Each structure stands twice: as C-alpha cells, then as structure tokens.
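Laboratory data are not the source of any read-out in this text; all were calculated from the coordinates shown. Keep in mind that this is a model prediction, so the values were computed, not measured. A quick note on method: Cβ atoms are made from the backbone with ideal geometry, for glycine too, and the neighbour counts reach across all protein chains shown.
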C-alpha cells in the first residue's frame with residue numbers, strides 16, 4: 001500500500017482557510033516525489049460539501065457536533081485516533097491558532113516526533129528535510145525527517161497553494177467519531193467576530209506600523225503625527241497590542257490582520273515571523289530599525305539602520321508636521 | 001487551591017545570536033537570557049485570576065540556564081506564593097518541549113492544581129508548544145492563544161484568539177492547561193528593591209530531576225536565513241535618510 005501524507009483541513013465559517021490549500025499543495029509535491037498519496041482529514045459538523053473542494057486523493061470525513069469549530073480537545077482526540085490507526089508517513093497541520101493546539105497534543109499523545117514552525121520541506125540527497133523558523137525568525141533549523149510517522153506543523157503563507165483539480169475529485173471515506181467525544185471536558189465552544197473597529201487597517205492605502213522600538217505609549221503620538229502627515233493610519237505589532245497601547249483592530253500579523261497597503265512603514269518592528277505573515281505582501285515596505293539583523297529587513301524594499309525617533313522627526317520637519 | 005505557572009528562560013532574540021561550532025545549537029556562552037515574554041503574561045493572568053479566586057500561585061521552572069532564580073524571585077515579588085526550581089544534568093543544553101513537559105508533568109501532578117498557565121510559545125519551540133504537549137501528558141483539557149480567562153462554576157471560561165480579531169469562546173472543566181498569548185492587562189512591574197527584599201525573605205524550593213528519554217527532533221544544522229530580497233539600505237544621517245524616503249514616496253506617488 002502506498003504511503004500516505006495526511007493534511008488536517010482547517011476551516012472557519014464554512015470555508016477551508018488559505019493555509020489548508022497551502023498544506024495540500026505541499027503534500028502533493030512531496031507525494032509526487034515518492035509515490036505517496038495525499039489524504040485530507042476533514043473534521044466538523046455539516047462539512048461534507050467541503051470534501052469535494054479539496055485537492056486530495058482521499059478525504060477522511062468525521063462529523064460530530066463537538067468538532068464544529070475545531071475546538072482543541074475534540075479535534076486533538078479525533079486526529080490522534082485517526083493517525084494511530086492509519087500511521088501515515090507524514091501528518092501536516094497548520095501552525096495556526098487552531099492547528100498548534102492539535103499538532104503538539106497529538107504528537108505528544110502518540111509519542112511521534114514533531115517539527116513545528118516549518119517553512120520548508122524538501123528532499124535533499126534522498127533525505128526529507130524540514131526547515132523550522134526559530135528564535136523570532138533569526139535562525140533556521142534544518143531537521144532530518146526520519147522514516148517513522150512524523151507530525152509537521154507548517155507556517156501559514158510559507159508554501160504555494162495547491163491547484164484545484166475539479167476533474168479528479170477524491171474518494172470520500174466517512175469514519176465514525178471516536179467514543180471519547182461523548183465525554184469531553186471542553187464545552188460551549190462558539191465563535192465571536194470582532195466588534196466594529198474605528199479604523200479598518202486592511203483597507204488603508206498607507207500604514208505606519210509601530211513595534212517595540214517605539215519604547216513607550218507616549219511615543220505613539222509621534223507615530224500618529226507622522227501617519228497624519230502621510231495620510232496613513234497607525235497599526236502595530238502584537239506586543240504593543242498585548243500591552244494595551246492600541247486596540248486589537250490595529251494589530252498586524254498572524255493573530256491579527258493581514259494587510260496589503262501601498263506603503264507599509266515599519267518603525268521599530270523587528271519582524272517576527274508572525275508579524276511578517278500579516279504584511280509581507282504590501283507593495284512598498286520601508287523599515288527603520290536599530291538592529292541591522294532584524295528580520296524585517298529581509299522583506300523590506302528599503303531599510304535604514306537608524307534611531308527611529310531621529311528619522312521620524314526629520315520626516316515630520318520635511319512634511320511640515 | 002492552586003494555579004501553576006511555568007516560567008521559562010529563553011535566549012533574548014533582540015540580541016545578536018551566534019551558532020555554536022557544532023551547528024546544532026546556539027552558542028550558549030554568547031546568549032543573554034530573558035524570561036519568555038509570554039510566560040510573563042501567563043504569570044500576570046494567574047495573579048489576576050488568583051486575586052479574585054484566592055488561589056495560591058506557584059511559579060515553577062526548569063533551570064536549564066543556571067540563571068532561573070532571578071525569574072522565580074521576581075515572580076514571588078509580583079505575588080506568587082511559592083516557587084519551585086527543577087535542576088538536573090541539563091544545564092546549558094537546549095531542552096526540547098517534549099523533554100520539558102516530561103520533567104514538569106509529575107511535579108505538576110503532585111501539586112494538583114486546578115489550572116496550569118504557560119506562555120503560548122517560546123522562541124526555541126522546535127518540537128511544538130508546551131501547553132498542548134503538557135496537556136496531552138497530563139490528560140487535561142487545554143486551549144492556547146488565550147487572551148482572557150475567568151474561573152466560573154468550577155470551570156475556566158477562556159477566550160482563544162484565532163486571527164483577524166475572531167475569537168473562540170470555550171469552557172474547560174478543571175484541571176486544565178492554558179497557553180497564554182496575552183494577559184488581560186500588561187504584566188505588572190515590580191521594583192528591584194522589592195525583588196531584593198524577597199530574595200532575603202523567601203526561598204525557592206529545589207527539586208532534582210532526571211531526563212530519561214528524548215524523542216524530539218534534533219536539528220542537523222542551524223543556520224541564518226539567506227539574505228535574499230534584502231532591503232536596499234539607506235545610509236547617512238537621519239536627515240539624509242528622511243530626504244531619501246521623501247524622494248522615494250514622491251517618486252511612487254505616495255506623497
């Protein structure tokens with residue numbers, strides 16, 4: 001029997017998320033290189049119709065009310081059961097909020113190796129090598145993937161999405177939900193959409209984004225002034241939002257919003273992978289940071305290794321601020 | 001009743017990092033360590049929960065750096081009632097998440113807490129995040145990327161952040177494990193003088209533990225990301241940089 005590469009289908013509000021197709025694309029490329037087959041694991045409630053949209057040879061479908069929102073406990077238990085039975089070569093999960101709760105739980109429960117934060121997975125001299133992005137994106141770790149079943153949690157946005165192949169829909173295999181789902185200790189899962197925000201940063205043409213380098217809440221005024229002078233809005237990286245300096249609606253990145261403005265001026269943002277995920281597609285990225293090794297310079301079009309306060313003040317002088 | 005917070009020290013990624021000659025770890029001699037920023041949030045959330053519930057907060061950490069005392073004394077100064085340090089033959093090594101979870105699980109079980117709070121992730125989580133790894137070992141329900149929690153009727157009600165401001169609301173039976181993304185308020189500040197006072201008055205409990213097996217993946221090679229697509233650097237004084245930026249923005253019709 002051909003080896004299997006299993007992909008967990010992430011979905012939200014009835015739609016598979018982008019990362020699902022990225023994982024299926026990645027699985028396809030690996031499978032093509034070694035003759036494996038790609039299986040999509042689709043968990044949920046009333047999601048059967050999604051099975052036909054998934055480019056995979058086979059879709060394993062498990063439906064249960066507790067799986068409706070892919071809440072951690074129910075999803076982890078179900079995935080563990082499937083993997084224990086099927087022992088695929090690889091299980092690919094997204095390293096997202098939903099996926100990270102499942103990948104590490106499952107790998108720990110099965111005692112299988114897990115490579116997290118994977119941004120590349122390729123065959124090198126016959127050996128499958130996973131590359132993990134660690135230490136705030138400053139270091140990459142190449143890990144040899146052994147031949148025993150391995151779980152890999154994959155960064156969103158790191159791989160090209162799979163082409164949809166409507167001509168060859170996969171077979172759907174319905175599995176019974178595990179008995180443990182009747183005795184869960186997690187209840188009342190529901191989703192909540194964000195409250196309407198004062199500013200929609202996803203629609204802004206120009207963004208002045210501030211990070212930890214801004215140092216204090218009072219200094220946000222300077223960013224606000226520059227934004228006004230440029231006709232931009234102020235957004236922030238996660239630490240500032242966590243500190244309560246700006247509302248969540250201004251947060252760019254993995255757990256915040258994805259933005260694609262014409263101008264993204266990053267002030268004092270180091271560029272953790274989670275942040276880059278939310279802004280790397282901006283048309284023009286300019287970064288100002290004291291640290292010449294800040295990963296933000298890897299995605300920026302222009303950069304300056306400088307004190308952001310000096311540069312902002314000089315800009316304000318020129319813009320008549 | 002008890003709330004356990006796990007405190008971990010991690011390399012300060014704001015500093016320059018160097019790779020050890022072996023190529024499989026950072027150059028530990030050249031690293032400065034800081035408390036994992038998410039663990040600071042986990043501690044804050046635990047202290048906030050305990051202020052309402054009256055639980056005892058126990059800070060626990062594995063001393064892989066030889067420098068954990070400072071972090072634990074700071075936790076005590078902030079309001080934790082107990083601090084426990086796990087020591088062993090692993091100082092100066094890169095402990096995998098799985099190994100850390102295996103060292104922590106028995107000690108946590110013995111403490112019989114109703115909640116375990118852990119930072120959602122750490123910069124060196126090559127084999128995944130601690131909260132779900134630990135939850136699987138303990139057999140307790142869990143959620144991570146938690147941005148708010150509340151103890152209600154023998155359950156913990158949590159807000160788990162997905163993305164774009166969408167959150168999942170969950171109720172977990174106790175005991176439970178939470179991976180904290182952000183406390184409800186910024187981690188509290190404690191003056192150094194208070195930490196010093198605690199160092200004189202309080203003590204850290206020490207437990208010797210042993211690493212038995214480690215199934216975590218081992219990096220065959222650490223490397224710096226290739227500098228492809230590196231930004232074109234603008235140099236000179238702040239004024240010169242500002243001039244160039246204005247020029248760039250004008251040229252693109254952005255001004």
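Quick notes on this one:
- Dividing the Cα radius of gyration of chain A by 2.2 N^0.38 Å, with N the residue count, gives 1.10.
- Mean partner shielding of peptide B:10-19, defined as the number of other chain Cβ atoms within 10 Å of each residue Cβ, is 4.
- When DSSP beta bridges are restricted to pairs lying wholly in region B:2-208, around 40% turn out antiparallel.
- Compactness of region B:1-98, expressed as Rg and Dmax over alpha-carbon positions, Å: 14.9, 50
- FRET efficiency for residue A:199 and residue B:166, using Cβ-Cβ distance with R0 set to 22 Å, rounded to 0.05: 0.75
- Rg/Rh ratio calculated on Cα atoms of region A:94-208 (Kirkwood radius): 1.05
- Over all distinct Cα-Cα pairs of the protein assembly as shown, the Kirkwood formula returns a hydrodynamic radius of 24.5 Å.
- Taking every residue in A:194-203 and counting other chain Cβ atoms within 10 Å of its Cβ, the average works out to 1.
- Relative contact order for chain B: 23 percent, from Cα pairs under 8 Å spaced at least 6 residues apart, divided by residue count.
- Principal-axis analysis of the Cα atoms of chain A puts helix A:220-230 at an angle of about 80° to the longest axis.
- Residues A:49, B:41, arranged from fewest to most other Cβ atoms within 10 angstrom of their Cβ, appear as A:49, B:41.
- DSSP bridge pairs, the protein assembly as shown: antiparallel proportion in percent, nearest 5: 35
- With Cα atoms, 0 to 90° folded angle of helix A:97-110 axis to chain A main axis: 40
- Expressed as a fraction of 2.2 N^0.38 Å, the value expected for a compact globular protein of N residues, the C-alpha radius of gyration of region A:201-318 is 0.92.
- Between residue B:237 and residue B:32, full extension at 0.36 nm per residue minus the direct alpha carbon distance yields a gain of 70.8 nm.
- When only alpha carbons of chain B are considered, Rg and Dmax amount to 21.1, 66 Å.
- Distance cut-off 19 Å, percentage of C-alpha pairs in region A:4-183 lying past it: 53
- Zone of residue A:85's modelled label, taken as backbone nitrogen in region A:1-18 under 17 Å from a point 7 Å along Cα→Cβ: A:4-9
- Within 10 Å of each Cβ in A:292-301, the average number of Cβ atoms from other chains: 4
- Between the Cα long axis of helix A:308-318 and the first principal axis of chain A there is an angle of about 50°, rounded to the nearest 10.
- A simple spin-label model places pseudo-atoms 7 Å from Cα toward Cβ; at residue B:91 and residue A:18 they are separated by 4.7 nm.
- Cβ-based exposure ranking for B:190, A:233, in which fewest neighbours within 10 Å come first: B:190, A:233
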